[in-house]
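Inspection log for the structure reproduced underneath, given as structure tokens.
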Amino acid sequence: MFPDPGQQAAQRAAQRGAQRGAEQSARQAAQDGMRAAQLGARRAPARPGRGGGLLSFLLLVAVVVLVARDPELRASVLQFVHHVVNVVQNRADGS
């Protein structure tokens, strides 16, 4: 009748592992997207009408959907964004 504490602990551990995996996947996707954007910017001059804008947009949508689904991942991404904004502001104030 009562839930098994060992089973509950295993389920919680599996959920945490899945969340960590999703967080790592999102970070890797963002890093891959940034690298691809940087390489594309170095290799070819900007030409309107090419598919690069569409690819960037689709990558951004995929990251937003992934972040929107996971509250823990959303919190860590927001914390990272706040950190980046603070670093940029500090550098701008120091210049």
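With the requirement that a residue be open to solvent by 90 Å² or more (accessible area, probe 1.4 Å) and of a type in the set (S, T, N, Q), what does segment 68-92 give you?
Within segment 68-92, Q79, Q89, N90 meet the criteria.
It is to be established whether one or more residues within segment 49-67 are modelled with pLDDT under 80 and open to solvent by 100 Å² or more (accessible area, probe 1.4 Å). Give the derivation first.
As a first pass, look at segment 49-67 and keep what is modelled with pLDDT under 80: 49-52.
Narrowing the set further to residues that are open to solvent by 100 Å² or more (accessible area, probe 1.4 Å) leaves 50.
For segment 49-67, residues modelled with pLDDT under 80 and open to solvent by 100 Å² or more (accessible area, probe 1.4 Å): present.
Is it the case that Q79 is of a type in the set (S, T, N, Q), out of contact with any Cys (no Cβ under 8 Å at 6 or more places or on another chain) and at pLDDT 75 or above? Spell out how you get there, then give the answer.
Numbers: of a type in the set (S, T, N, Q): yes; out of contact with any Cys (no Cβ under 8 Å at 6 or more places or on another chain): yes; at pLDDT 75 or above: yes.
Spelling it out, Q79 is indeed of a type in the set (S, T, N, Q), out of contact with any Cys (no Cβ under 8 Å at 6 or more places or on another chain) and at pLDDT 75 or above.
List every residue pair whose Cβ atoms lie under 8 Å apart, where the two residues are 6 or more positions apart in sequence or sit on different chains, the first residue falls within segment 76-95 and is closer than 18 Å to Q24 by Cα, and the second residue, located anywhere, is surrounded by 10 or more Cβ atoms within 10 Å (Cβ to Cβ).
S76/E23; V77/A26; V77/V67
The values are calculated or read from the model by the stated rules, or taken from the named source; none is laboratory data. Remember, it's a predicted structure, so these values are computed and weren't measured experimentally. Cβ: placed from backbone, ideal geometry, glycine included. Neighbour counts: every protein chain shown. The protein model used for the area step is the full one, side chains on, heavy atoms only, and it has no ligands, DNA or RNA in it. Shrake-Rupley method; radii C 1.70, N 1.55, O 1.52, S 1.80 Å.
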